[in-house]
Structure formats: C-alpha cells, structure tokens
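Here is the structure we will look at, set down as structure tokens.
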Amino acid sequence: MSILGGGIFKGMAVTLRNFVGSYFYRDRLVTNDYSWRPEDKLPQSIGDYPKEKGEQLRDTTTVTNYSRNFPMLLHDGGEPMDTVRCVACQICERECPPQCIYIEKSTEKKENAGGKPQFYPATFDIDVSVCMSCQICVEVCPFDAIVMNSQFELSTPNRFGGLLVRRDDLLKSNDYYHRIHPEEAAARDKRMADEKAAKEAKKKAAAEAAIKKAEEKAKAEAEAESKEEAGDKKEGAE
Amino acid sequence: MTSAAPNYELLQQDGLETSLLEVSMGPHHPSTHGVFRMDVKLDGETVVDLKPVFGYLHRNHEKLAENMTYLSSMPFTDRLDYFNSMTNNWAYALAAEKLIEVEVPERAEYLRVIMAELTRLVNHVSLVGFFLNDLGALGTPLMYAFREREKILDLFEQASGARMMCNYFRFGGLRNDVPEGWLGRAREVADRFPVFLDEYEQLLCENEIILSRTQGVGVLSRELAISAGITGPMLRASGVNYDLRKVDQYGIYDRFKFRVPYGEAGDCYDRFMIRMLEMRESIEILKQALDGIEDGPVMGNAPRVFKPKPAEVYGRIEGPKGELGFYLIADGTPKPYRYRVRPPSLINLTVLRDMCLGGKIADTVIILGSIDIVLGEVDR
C-alpha cells in the first residue's frame, strides 16, 4: 500500500509467473489431468479413437467406476431376449423423474434367465433426448435389469427416431457391463448371488419346516386316533 | 421494501430539458449471470430506479415435485443451483429424513461434510472469478479460478459419476461409497488449495483498481440485511455473525473447529473478501473431516419408496449462497402434498434495488455479481 499501483504490479507478477510457468512446469504442459486414472486406462494413441460408428473409444469409457450416461438393459448372455432380466414390472417407468421410459408388457409368459416363466418387455423405449442420467431407474429396479451405460458417442442426424433407443439396442450382456464398470458389476453380482442364496436357504428352511410340521401333524393325528381308539375300547368295556 | 430513492425531477440545465433514460439490461446481458433483466432508470449515469425482472428460467420445480415420489425429485434439486448440487441434495435429504426418521451412518455424515465443503469451494471460487469478470478483468482471474474448480469437479465425478448433476445424496446416507483412493486425492486437493488462494490474493486483494471499484459500493446496512431476510456470506459481510453450521449444527458440524468470518462495511469488497476467507475455513473443515473419517456403511436402512405419516417438516442448511431450505408437507401418500424451496439466491436478490440506488450504472453490474445469484435457483 506504500506506492500507488503497487498492488497492480504484484498482480501482474503473478500473471507473468503463470504465463512463463505454463511453458516449464511439467504438470502444466498437458491440459488433461489423468493422474488419478490407472496407467493402462489412458488412451495410448490416436489409433485408439473409434473408426466405425458405434465403436467406443477404447478404455476411456471407464472414466470412473460410477460414470453414467444413459440406461441399458442387462441380459445374462446368449440370445438377448432369452436371458433378459427385465420382467416388465414398470416400476422404472413410474419412478423415472422426466418420464422418458415407455414399456409395454408382453401378453404371454416366457422362461427367463432364472428359469421361471415371466412376462417380458414387448416394447422398451428410452427417449435419450429426455433422459437426464439420474440413475433412479437403476436404484428402484428389483431385478437388477437396468444399469447405466457409459457410451457417449450418440450423436445422430435423425432427431426423433435416432434419439429414441429401442429395446433391442438397449439390451447389453452382463459381460459388457463387467467391462465398463468392473467394480460396480462385481458388487452387483455378489449381492445378487447372496440374495439368491439367502432366498434358497429360506425356501429350504421353509420346506423343512413344512415337512416337520406335517410330521408333527401326522403324529398328533396318530396320537388322537390312538386316544380315540382307547376311548372306544373304554366305552366298549363299559 | 421501502423506497430510498431521492425524488428526481426532470432536471433543467441551462434552459435545456433533460429526461430520465430507461435502459433494459438483459435478459442476455453477459453480466446478468443468466436470463435476468433489470429495468434501470438513469439520470445521466446515476441509477434512479431499478426493477429486477426474472422468471425466464421457471421450470415448475415445486409443482413437478408434488407429482412424483420423494426420491424422484432428488435429481431435480441438482438443477436448482447447478453449481452446488451436493448441498442442494443435502438440504432436501435433511428435510425428508425428518419425515421418515432414519439414522445416517457415521461415514456418510463425514462424506456429506466433505462434499458440502468441496461444493463451497467450487461455488466461492467460481463466484470470485465471475465477480472479477464483471469488474472488467476478462479472462485471467476466471480461468485461474476454473482451473481449481475443475480439480474438485473431477473428485465429484469419481465419486458420483457426474461433474455437476451429482445426485449423490439419498435419504439415510449416500448412493455409493467413494472409490478407492478417493480420500487421498481429496486430501491432495485440500492441501494444494491454499497455495492457489495465496496466489489469488496476491493477484487481486491489493489491486488498486479493485479497491477503488468495490470499496464503499453497494453498501448493505446491517439493519436492512436482517429485516430483508438475507442469509449466507452476504449477511455476514454486513456484520452479522450468523452461520447455520454453528446455529443448527446439522449433520456433524458440531465436531469441527472453524471460524465464521464476518465483515464490517457490507460493501462489495467485504462480500468478495468474505468468500476468500470462507474458503480457507472450508479447507480447515475438510482436513478435519478427512482425518476423522472411518470405514463403515454409507447407507442407512431407508426405503426407496415410502409413505410418511402426515407431517410438516423444514430442513435447512448453510448453502454456499445462504440458507437453503426445503419445506415438505406429507399427507400419507408417497408424494408430498406441498413442496417448497427457500432459495437463498432469490431472497438475497430482493435488496438489489436498495443497494444500487444512487450509484453509477457500472456499479450495478458489480453489485449483482457480489450478490452471487444463480438463475436456476431464483426462478426454479
């Protein structure tokens, strides 16, 4: 504050230091800071860039484990519609905040991945021009059928049809999910397996309990019968 | 609001009749931070009257939320004040957690504080950048500020999957735990940030141009600030020591040691400096939270869709811009009967006219910049 304009010179020195520094500091030379990414996830060269439409920029799709763009439907491998997890319960359609999901339930049941006859989505459309990538549909889905994709190159010259993603384009295999979100997918699979095991254990316990109950019932009935017989004998004796 | 405007008559000078000039600033004026319009009446360069006009970005937020379940409107709160999606989430989660009475796990509470303080850094650093932009320092300060902001947004992206529309908080905790190594990276950011702040202070705080443009400009008196319901850094710049983190001690803010800076003059310079000082306190809280955090679950036992008992609740937090509150009335259905947001931007904007009257037209730009509004929150 001693000389007039001192503050301005001080500020100018900072600007100059930054300007010169941008040519010498190593961490300032590159614009993108990928330091938090694992080495093997970095795009290695321009050759990694996709040449065909629909192909993904290699490995940059796994920007983070939780990166999300638009939803996709999961199937367990093989023919997509044979192993689709979605049973068209329409919970995601109801809960979707911007209402971008449209589902039509099938009229007949078909065996799904779990081996049980279930309904399946006859139509499953997501309007990605409306979707806001909030992931609410993923959280409310009780069947782990819908998860977030990280595909981002979706630009299209077709404004209406091109941004309406149909069921067959939404279907992706669980392997693909493991590839784009490894940690999340592993955690999800583990949770599903645990739940299945717990369910089976419960079922087993229930079945055992039923058998036990039936046995007890039979025993009780037998006892009652023998008592009755005894009573009859008594009566007969009188 | 009382009119402090002097009664300007048409001025007679040297026999020539002069008249007041009406200028419509905005809605696309670069200084209005969005689609906001000011009808300014000018006598020469002096502001005689000012009428703020807003609502261009109205998106029906409250009515939308009344027609969807409690969880579904969580992503919409991101879009209120799109700089601070994390704190918006927190305010809404606080209100809804009062409805369903759910315990938040320890680790989630710590992560919430970390996210909120990182958000405060994001908000203040970009505010200071834009404020300098309004002053005419085009580019340099804003770019320096955004360079730092980007590091924090990277952290948000790694944790929640999105840079700005995080949608990370849930009733009873957080959506997911932070990935491995995240806390270390957060500490790195917290450690490096003061270096940037020192540089920024060197660049700006003693600059004679900034001093002469901001000191004594747009003075908001303590009395007016209190009676108009001003909150946040703007209230503290006017000399009122009021911070909801100290008053309510929501979450686990009672565990942290930090100071609440407050100003004296209530002019634009104080409002600018308050933000600079608050950033340093935020870093202190961040460091304490990063020290205290322990492993554990991040999600309490809360249902996704629920039907709360009929009740009225109000959840509020100290957002970076002021008191952000959500008022919910539950009527026993899965949807709120009434959903009301108390937006700090809108309420702080109400004193714009009082601060601008009698000043120069060029100062209205700075005064508006120092209020720190985001039109997404003003219009909702």
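Could you pull out every one of the helices (runs of 4 or more DSSP H) wholly within the range B:61-121 that has 1 or more residues that are among the hydrophobic types (A, V, I, L, M, F, W, C) and surrounded by fewer than 21 Cβ atoms within 10 Å (Cβ to Cβ)?
The helices (runs of 4 or more DSSP H) meeting that bar are B:61-66, B:85-100.
Of all residues in the range A:139-149, which are touching a Lys or Arg at 6+ places or on another chain (Cβ under 8 Å) and either more than 10 Å from chain B (Cβ to nearest Cβ) or buried (at least 21 other Cβ atoms within 10 Å of the Cβ) (or both)?
A:Phe143, A:Asp144, A:Ala145, A:Val147, A:Met148, A:Asn149
Looking at the range B:226-273, which of its residues are part of a helix (DSSP H, G or I) and within 20 Å of B:Pro343 (Cβ to Cβ)?
B:Ile226, B:Ser227, B:Pro233, B:Met234, B:Leu235, B:Arg236, B:Ala237, B:Leu244, B:Arg245, B:Val247, B:Arg271
Scan the range B:214-237 and give yes if some residue there is within 14 Å of chain A (Cβ to nearest Cβ) and open to solvent by 60 Å² or more (accessible area, probe 1.4 Å), otherwise no.
yes
Look through A:Thr83, A:Thr64 and report the one residue that is at pLDDT below 85, within 19 Å of the chain's Cα centre (by Cα) and farther than 29 Å from B:Glu180 by Cβ.
A:Thr83
If I filter the range B:129-136 for residues that are part of a loop (DSSP other than H, G, I, E, B) and surrounded by fewer than 19 Cβ atoms within 10 Å (Cβ to Cβ), do I get at least one hit?
yes
So B:Asn88 clears everything in (1) under 21 Å from the mean Cα position of the chain (by Cα); (2) within 21 Å of B:Asp379 (Cα to Cα); (3) modelled with pLDDT under 90; (4) of a type in the set (S, T, N, Q) except one condition, right? Which one?
(3)
Taking the stated definitions as given, is B:Glu312 of a type in the set (Asp, Glu), closer than 24 Å to A:Glu95 by Cα and either open to solvent by 30 Å² or more (accessible area, probe 1.4 Å) or over 16 Å from the mean Cα position of the chain (by Cα) (or both)?
Yes, satisfied.
Determine whether the range B:169-181 contains at least one residue that is in contact with a Cys (Cβ under 6 Å, 6 or more places away or on another chain), crowded, with 19+ Cβ neighbours inside 10 Å and within 14 Å of chain A (Cβ to nearest Cβ).
Taking every residue of the range B:169-181 in turn, none turns out to be in contact with a Cys (Cβ under 6 Å, 6 or more places away or on another chain), crowded, with 19+ Cβ neighbours inside 10 Å and within 14 Å of chain A (Cβ to nearest Cβ).
The values are calculated or read from the model by the stated rules, or taken from the named source; none is laboratory data. Just so it is clear, the structure is predicted and the values come from calculations on it, not from any experiment. Every residue, glycine as well, gets a Cβ built from its backbone with ideal geometry; the counts of neighbours run over all protein chains shown. Surface accessibility is based on the protein's heavy atoms, side chains included, excluding ligands, DNA and RNA. Shrake-Rupley method; radii C 1.70, N 1.55, O 1.52, S 1.80 Å.
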